[in-house]
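Let me begin by presenting the structure, written as structure tokens, before commenting on it.
Every read-out reported here was derived from the displayed coordinates using simple, explicitly stated rules and does not represent laboratory data. If you're wondering where the values come from, they're calculated on a predicted model, not measured in any experiment. Cβ atoms come from the backbone with ideal geometry, glycine included; neighbour counts cover every protein chain shown.
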Amino acid sequence: MTAATRQRAAVPGPADHSQEEITGYVRSPSDVLRTVVFSLVTLLLVLLARGSRDALLSLETDLVRLLSFLHPTTGRILAGASTLLVIASLAAAWITALVTRRYCLFGHLLVSGLLAAMLLQGIDWFLDRGSPDVFVREIARRQGGRQRADR
């Protein structure tokens, strides 16, 4: 080992955050390529789902018939468990940003969450066009009309 590799950079103490060196992130061409490829794959999958919507109605009908033996309480328990998992993951992301004192991450989380919600609403509108499929209607019927079937 040379003398240069043996030297270690001084690590600032836990109370000395003002000495932290902030380095920027430089986008590489692979980042742009990855974003374009993922966007194209997503668009292809949405178009494929749109085109095969009628073909999947029989699968949805079979799925509803297969799961019709389950009590509605089981469905509510599964829905509650999945809701708790989503809330826990959101809390973990926001708490991590707070604990690590990366306050810019709050903005990224907020913007990405809003953007994802808007994109999913657009995809949902594009796929459904206001007409719920068999699966959604059956779930609404089993819940006793507490939710609208037409969203």
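Starting from residues that are under 22 Å from Asp124 (Cα atoms) and not charged (D, E, K, R), keep the ones in the stretch 59-74 and report whichever is surrounded by the most Cβ atoms within 10 Å (Cβ to Cβ).
So the residue we want is Val64.
Is the stretch 43-58 home to any residue that is exposed (fewer than 11 other Cβ atoms within 10 Å of the Cβ), β-branched (Val, Ile, Thr) and closer than 29 Å to Ser112 by Cα?
So far as the stretch 43-58 goes, no, none of its residues is exposed (fewer than 11 other Cβ atoms within 10 Å of the Cβ), β-branched (Val, Ile, Thr) and closer than 29 Å to Ser112 by Cα.
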